[in-house]
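For reference, the structure is listed below as structure tokens.
The values are calculated or read from the model by the stated rules, or taken from the named source; none is laboratory data. Because the structure is predicted, anything quoted here is derived from the model rather than measured. Cβ atoms come from the backbone with ideal geometry, glycine included; neighbour counts cover every protein chain shown.
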Number of protein chains: 2
Amino acid sequence: MYYIGIDLGGTKIAAGIVDEEGTIIKKDSVPTGRTRKNEEIVNDICMLVKKLLNDTNLSEKDIYSVGIGSPGSLDRDQGIIIANFNLSFRYVTIRKAIQEVIPVPVYVENDANCAAIAESIAGVGKGVDYMVLITIGTGIGGGIIINNKLYIGSNGAAAELGHMVINLDGESCTCGRKGCWEAYSSATAFIRQTKAAAADNPESKILELVDGDMEKIDAKTAFDAARMGDETAINVVDRYIDILAEGLANMVNIFQPDLIAIGGGVSKEGENLLAPLREKMKGRTFFIGDLKNTQIVAAKMRNDAGIVGAALISKRM
Amino acid sequence: MYYIGIDLGGTKIAAGIVDEEGTIIKKDSVPTGRTRKNEEIVNDICMLVKKLLNDTNLSEKDIYSVGIGSPGSLDRDQGIIIANFNLSFRYVTIRKAIQEVIPVPVYVENDANCAAIAESIAGVGKGVDYMVLITIGTGIGGGIIINNKLYIGSNGAAAELGHMVINLDGESCTCGRKGCWEAYSSATAFIRQTKAAAADNPESKILELVDGDMEKIDAKTAFDAARMGDETAINVVDRYIDILAEGLANMVNIFQPDLIAIGGGVSKEGENLLAPLREKMKGRTFFIGDLKNTQIVAAKMRNDAGIVGAALISKRM
């Protein structure tokens, strides 16, 4: 049997047909066109599903289920995307629309949770019962696997791990609180920190790397400048990793998972990020004697996480 | 069938016989004598078990299991208390000792987890699948119930909820980190905050209430002075509740449990604590639309939590 996964992103709608193990056998995408009407986007999703079935010569009897990963607010029972804040999407009865194309079970799930499912089934969390996934992007997304199942809490809205205050009266967060982890450790925050350091230290390599254009600074710039030995960049990266380590140590003290997977663009730095991160976490996680320590690793499903996780939602519910 | 629960505290060893519903039918205690040798304490525990059986005319065929709640580090598989930092207890094979008195299954569990089990079975968490218990005492203890089972993580050491940093580079914590929730919201921290405010404001009612003796200030003093309208005390209590609310809002964003139960001495303030706490949490928990909100309530098992939770460990594993 096969599974269809749809990743409803802000810039593109990606969909794929996935096997039991989480391997994508065919994928496709269309631009989201975020200002378009609900119906146009829903039509494109249905069209993508039809096209995938045509291209693979598969039919409804080969497909176990369809899943859609979306940020924002969802009604899992009714199969409705209540609000995707990246789009103008509101109260979209996506299950109903898809079932008109293919009458199989249709699941909706939060995109960060889909990424956790993907890592759990086909990524770094394979074979592990307890995993926390942190996605470092515009914000900090979280997904929690407990006893090999997705943890969604009593109301389905759990795992907003980025919205854990780690600094009282600290940086303002998009959620309205002050001092959330996300306000320090998201890629957005890291870029802001890099820009501020570059402005304060115009002689640093940071500005040189972006030809003096502050707006070109991204989440890689400080790492690149640090690799060139630039003192300002080294300090920015060090402080960034330091605070990220505080949040991750909190996750360990709360969950003691087998592993924490770190996804999102920043995680592409690999050991440049992970080695100092693990070092800084030492002594911050609660004393557990000879017990097994949580592994800190980079997520590996990358851009496919959304499709694979959405496709296999039912395997982790 | 009945269950025996033993609460190994720093000042007394309490034990009781408990029924299926968590009602204590007989209990007893002896002073711990924390400087005594392992064997003397183990002997007292065994003696207490024998005495309870004698007093109730019950025998091994009436007892389903024995449980021991202890702070510190445990080996659940082997039934060993590795270290109870309140006592000089190290590597005590307590299961073996108790099974010489009564050959039934013997469980060991962390004391904060026992308190969570007690609330889940016989207290405010009855009938609820997802609960977080916070015990405000010398430190901040945590216990997590997920799907009606105790959550202990991959290595058994999860739920150190007090050791979540909520203030970067903040107050020093006993665990070695800076800015842990416990360093702000434990009873110890609250007393420290009350003393500091009293020292800075010698005209406040706080010092009056303790006859000018700073050392008599406890976790109730500031609440008492605030009730008398004392401005200094009102501010201390307000700031204390404010930071407690930040930590609890973190718990909601992470777990979205049905309820959070607050135990320990400070929780005896009841609505004086809970009403402003709930008010301050508004807007700090992540937007969940029309979804069900986490209830914030006082724990109700009080001093019996340790016995009842230890007795019924097997029901939440």
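Data for the structure
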| quantity | calculated |
| --- | --- |
| Flag for B:Ala245 being free of Cβ contacts under 8 Å to residues at least 60 places away in the same chain, in the same structural domain as B:Gly139 (by TED's automatic domain parsing) and under 30 Å from A:Gly162 (Cα atoms) | yes |
| Residue list for the range A:163-214, filter: among the polar types (S, T, N, Q) and either out of contact with any Asp or Glu (no Cβ under 6 Å at 6 or more places or on another chain) or loosely packed, with under 15 Cβ neighbours inside 10 Å (or both) | A:Asn167, A:Ser172, A:Thr174, A:Ser185, A:Ser186, A:Thr188, A:Gln193, A:Thr194, A:Asn201 |
| Residues (in a loop (DSSP other than H, G, I, E, B) and free of Cβ contacts under 8 Å to residues at least 24 places away in the same chain) located in the range B:172-202 | B:Cys173, B:Cys175, B:Gly176, B:Arg177, B:Gly179, B:Pro202 |
| Single condition B:Glu119 does not satisfy, out of (1) more than 14 Å from every other protein chain (Cβ to nearest Cβ); (2) at positive phi; (3) not aliphatic (A, V, I, L, M) | (2) |
| Hey, B:Val108 within 11 Å of another protein chain (Cβ to nearest Cβ), within 21 Å of the chain's Cα centre (by Cα) and not in a loop (DSSP other than H, G, I, E, B) or not | no |
| Per-region count, the range A:111-124, residues over 20 Å from A:Gly9 (Cβ atoms) and in a loop (DSSP other than H, G, I, E, B) | 1 |
| Extreme residue, surrounded by the most Cβ atoms within 10 Å (Cβ to Cβ), among residues of the range A:267-287 that are within 14 Å of chain B (Cβ to nearest Cβ) and among the basic types (Lys, Arg) | A:Arg284 |
| Among the residues listed as B:Ile94, B:Ile117, B:Ile81, B:Ile4, the single one being of a type in the set (A, V, I, L, M), surrounded by 23 or more Cβ atoms within 10 Å (Cβ to Cβ) and in contact with a Phe, Trp or Tyr (Cβ under 7 Å, 6 or more places away or on another chain) | B:Ile81 |
| Candidates A:Met301, A:Met317, A:Met251, filtered to the one that is under 25 Å from A:Leu150 (Cβ atoms), away from every other protein chain (no Cβ under 14 Å) and under 22 Å from the mean Cα position of the chain (by Cα) | A:Met301 |
| Restricting the range A:92-116 to residues that are acidic (Asp, Glu) and in contact with a strand residue (DSSP E or B) (Cβ under 7 Å, 6 or more places away or on another chain), the residue that is farthest from A:Asp304 (Cα to Cα) | A:Glu109 |
| Identity of the residue in the range B:61-88, over 18 Å from B:Leu312 (Cβ atoms) and away from chain A (no Cβ under 14 Å), that ends up modelled with the highest pLDDT | B:Lys61 |
| Yes/no for A:Gly127 being more than 11 Å from every other protein chain (Cβ to nearest Cβ), in a loop (DSSP other than H, G, I, E, B) and modelled with pLDDT of 95 or more | yes |
| Residue in the range A:252-268 that is of a type in the set (S, T, N, Q) and under 20 Å from B:Gly153 (Cβ atoms) present | yes |
| Residue match in the range B:1-9 (condition: assigned to a loop (DSSP other than H, G, I, E, B) and under 19 Å from B:Ala116 (Cα atoms)) | yes |
| Members of the range B:184-202 that are within 14 Å of chain A (Cβ to nearest Cβ) and over 17 Å from B:Ala249 (Cα atoms) | B:Ala189, B:Gln193 |
| Residue within the range B:288-297 that is crowded, with 24+ Cβ neighbours inside 10 Å and either over 30 Å from A:Ile140 (Cα atoms) or more than 14 Å from every other protein chain (Cβ to nearest Cβ) (or both) present | no |
| Sole exception among (1) closer than 25 Å to B:Ser120 by Cβ; (2) among the hydrophobic types (A, V, I, L, M, F, W, C); (3) more than 22 Å from the chain's Cα centre (by Cα) for B:Leu312, by number | (3) |
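Okay, residues lined up against (1) assigned to a strand (DSSP E or B); (2) within 11 Å of chain B (Cβ to nearest Cβ); (3) out of contact with any Cys (no Cβ under 8 Å at 6 or more places or on another chain):
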site	(1), (2), (3)
A:Ile134	yes, no, yes
A:Thr138	no, no, yes
A:Ile144	yes, yes, yes
A:Gly153	no, yes, yes
A:Ala157	no, yes, yes
A:Gly162	no, yes, no
A:Asp169	no, yes, yes
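Yes/no per residue for (1) surrounded by 14 or more Cβ atoms within 10 Å (Cβ to Cβ); (2) within 22 Å of B:Met301 (Cα to Cα); (3) within 20 Å of the chain's Cα centre (by Cα):
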position: B:Gly16; (1), (2), (3): yes, yes, yes
position: B:Thr32; (1), (2), (3): yes, yes, yes
position: B:Asn38; (1), (2), (3): yes, no, no
position: B:Asn54; (1), (2), (3): no, no, no
position: B:Asn57; (1), (2), (3): no, no, no
